[in-house]
1. Does B:VAL96 count as among the β-branched types (Val, Ile, Thr), within 13 Å of another protein chain (Cβ to nearest Cβ), buried (at least 23 other Cβ atoms within 10 Å of the Cβ) and in a helix (DSSP H, G or I)?
2. Filter the stretch B:279-300 for residues that are within 24 Å of the chain's Cα centre (by Cα) and surrounded by fewer than 16 Cβ atoms within 10 Å (Cβ to Cβ) and give the result.
3. What pairs come up if the first residue lies in the stretch B:96-121 and is touching a residue at least 24 places away in the same chain (Cβ under 8 Å), the second is surrounded by 20 or more Cβ atoms within 10 Å (Cβ to Cβ) and part of a loop (DSSP other than H, G, I, E, B), and their beta carbons are under 6 Å apart, counting only those six or more places apart or on different chains?
4. Scan the stretch A:121-136 for residues that are within 7 Å of chain B (Cβ to nearest Cβ) and either in a loop (DSSP other than H, G, I, E, B) or touching a strand residue (DSSP E or B) at 6+ places or on another chain (Cβ under 7 Å) (or both) and jot them down.
5. Of all the residues that make up the stretch A:64-89, how many are closer than 14 Å to A:LYS186 by Cβ, free of Cβ contacts under 8 Å to residues at least 40 places away in the same chain and touching a Ser or Thr at 6+ places or on another chain (Cβ under 9 Å)?
6. What is the one condition in (1) crowded, with 24+ Cβ neighbours inside 10 Å; (2) within 24 Å of A:CYS52 (Cβ to Cβ) that A:GLY137 does not satisfy?
7. Checking B:ALA244 against (1) hydrophobic (A, V, I, L, M, F, W, C); (2) surrounded by fewer than 20 Cβ atoms within 10 Å (Cβ to Cβ); (3) not in a helix (DSSP H, G or I), only one condition comes out false. Which one?
8. Any residue in the stretch B:260-276 that is part of a helix (DSSP H, G or I) and either in contact with a strand residue (DSSP E or B) (Cβ under 9 Å, 6 or more places away or on another chain) or within 14 Å of another protein chain (Cβ to nearest Cβ) (or both)?
Amino acid sequence: MKSGLSRRDLLAGTGAALGAALVAGAAARTALGAAAGAGSPLWGMAVDVARCASVAGCRRCIDACHAAHRVPTVAEARHEVKWVWKEPFARVFPEQIHTYEAEAQKQMPLLVLCNHCKNSPCTRVCPTGATWRRSDGVVAMDEHRCIGCRYCMAACPYGARNFNWEDPGVGATGNYPARTAGVVEKCNLCVERLDAGQVPLCVEICRSAGPAALTFGNLEDATSPLRQLLAARRVLRRRSALGTEPSVFYVV
Amino acid sequence: MLSWILQGGLLVLVVLGCVAYGVQVRKGLGVTGLSREMPWGLYISQFTFLVGIGASAVTVLLPYYVHRQKTFARALVLGEVVAVIALCQALLCIMVDLGKPARLLNILLYPAPSSLMFWDCLTLGGYLTLSVVAVSLKKFARGGSPARWVRGLALATIPWAIGIHVVTALLYAGLAARPAWMTAVLAPRFLATAFASGPALLILLAAVLARRKVFDIGREAIERLSTIMTYAAMASLLLALLEAFTALYSGIPAAGEHLEYLFLGLEGHVGLVAFTYGGWLLLLLALVVLLVPSLRRRRGLAYAATAAVLLSVLVEKGLCLVTSGFVPSPLGYVRDYRPSLIELGIVVGIYAGGALVFLGACRWLFTPSMSSIHALNPSPSTAREPGMARVAQMET
């Protein structure tokens, strides 16, 4: 593979790879180096619900992510492939909804993506290790080992996984490896950027061109902005009763 | 003549199935009725049903080898053959469901013990090997009783047969994302429906084989299989009711939504309602016939009830159970599933292939030269039913 991110990086990209990147001087490029601190980081993200909804119809992070990862545009809704998208609050947090809730509140669009769970059911059921949890908490996916059994899709309680029902037909441009029909794919929390010391693209785009609703950081570092935000505000996690321990938090 | 027409017809269906699979391989699984909300459908449902048929060999193995019920001697051969073919069909169902079938061996190259699918492949492969060895040994045994270790082998397949279906149930029963399957009753329910549908299929096949004067497992064996089938069907009904009670009485929305979808439809989607009522109605009617002696004694009616049991399990397990587990989706969406023609063609092709292999196996196993089967399995019917003596000679 001649792309910037080789398959080996995807497979072997762990905390060690990140450490090597930091030593190589990549740390100077972004603030992520400082956020990582000592030891293996545990990446997490917080979505500020009100801020995210404050720009009506905003989909800058979605478009940037899908372009960067060459996520195919599929006409048929039932075959859709999406890494990050918006769903109404009532669908994301059905257990938080009550009869007297205002309709606008129920329909408030919320950003959803793979939760990169600590106890990820998808990696547990994968029969080939094509999806696995890295030491930095990222639930990674190797589309080239995936046999397309879709067991992970049956196991994910968030509907975050996509199957390529049709030929994704993505062109030769872009850095992210091309996929074929018949494999599962999903948000990878931009491992290719993390390993180069950069924050995920959605976070960067939201900060520079959007409502700055996304906070990314090391959950292991009590001084990180993410941890401070989580300590200061009331946060929700999707379907927390299932014990999956999502790394994506929603600040309400 | 009839046999050649039948085989020709089956061959055409196999070829059509292959063509349909070719289209699916070329265009991707998008040619099926599956979707991001319904990632598994007919293929995985039929896989589940067929593993049940494979596991149901227990209903002949157990009486014959453990309880020494000699009346099951000939049913045993039939049961083992059907089990082997059903398991091969089940494995084909898995293969056609894969997005990347060429990578199938990744399951063995990168073994993942935390995945139930890994264990399913191991248990199915092991059971299939044991069964093929057991059947072949009997074929090639030179008269007399089989060696003691052959008996040991057969005994070993009994827990293994139960194991394959339990593991198949665990494939579903541990997924927090799918409350419909999150029940400890799933594995026993699978076994109950397997031990109802398997004997049902054996009874119907035995009836046809006896009528065509190919092979007769004997009236007594059929009666006993019918009893096993009836008890298993009642057990499956009880388990389904228990499951429904827990789901509905608890009042937890997620626990009962799939039942609402099955029986009433959800948000106007009624894709499985007709199948659900059809399946349960068939089972209830069949149970009435099978439990009332005066009805049961009418042979035609009894066979109809047997077919109804088989059909009800085929609908419930081979379609409704798996697909209703995906309704509603984790984000609360409801999408009906309708298998595409391609999907149906592939599944029909797999069944036609199984039927062809079965016909071949009958020819291979039940021929006059097969002295070993005669010796091993003296026909239980010949003594009591003089008219059947001819059948025991196994005309070809």
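1. In short, yes.
2. B:LEU281, B:LEU284, B:LEU285, B:VAL288, B:LEU291, B:ARG299, B:GLY300
3. Every condition considered, the pairs that remain are B:GLY99/A:GLY148; B:GLY99/A:GLY182; B:GLY99/A:VAL183; B:MET117/A:PRO127.
4. The initial filter retains those residues of the stretch A:121-136 that are within 7 Å of chain B (Cβ to nearest Cβ), namely A:121, A:124-129.
Within the stretch A:121-136, A:CYS126, A:PRO127, A:THR128, A:GLY129 meet the criteria.
5. 1
6. The single condition A:GLY137 does not satisfy is (1).
7. For B:ALA244, the exception is condition (3).
8. Yes, that holds for at least one residue.
Throughout, read-outs are computed from the coordinates displayed, never taken from laboratory work. It should be emphasised that the depicted structure is a prediction, and the values quoted were computed from it without experimental measurement. Every residue, glycine among them, receives a Cβ derived from its backbone with ideal geometry; neighbour counts consider all protein chains shown.
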